[in-house]
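The values are calculated or read from the model by the stated rules, or taken from the named source; none is laboratory data. Given the structure is predicted, the values throughout are model-derived calculations rather than measurements. Reconstructed Cβ throughout: ideal geometry from the backbone, glycine too, with neighbour counts over all protein chains shown.
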């Protein structure tokens, strides 16, 4: 194996799940998410020689975000689309310790559904920042680079997303 292949394989191993998960959030369709993931990996391979490894995650997530936006534009669904969280994404919300208690399992399912519904209601700009930070674990600077957005806007959008989610989820506190 040559050096290019080794570098590529390491990047694929490290970021493929992040690419697919974010693509699922944006595209709501497994086939499109698979296609987007493949396209990102192809672009990564084609540009591996000029690739800056210090900003790998930001670079890869920017490619992923832009490609998903292109997919959505082609489908004319960028405005007012619903967010579908798949089984893969649900794992990030899952608590392994609750599996032994049926009551907790049911409460977790209800809570997950309420969270999904609240996330679905977020405007696109807030949703993207929230997903990248909270679900993908990206830092502000990485999100800023990936979405080509000033870092202060990232912080403001994340604050607003959390505030909207908090307001939305407060409705269910008494249940």
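Quick notes
- Test: residue in the stretch 116-137 that is over 16 Å from residue 25 (Cβ atoms) and surrounded by fewer than 16 Cβ atoms within 10 Å (Cβ to Cβ): no
- Qualifying helices (runs of 4 or more DSSP H) (wholly inside the stretch 3-79; at least 3 residues being at pLDDT 90 or above and closer than 17 Å to residue 143 by Cα): 3-27, 56-75
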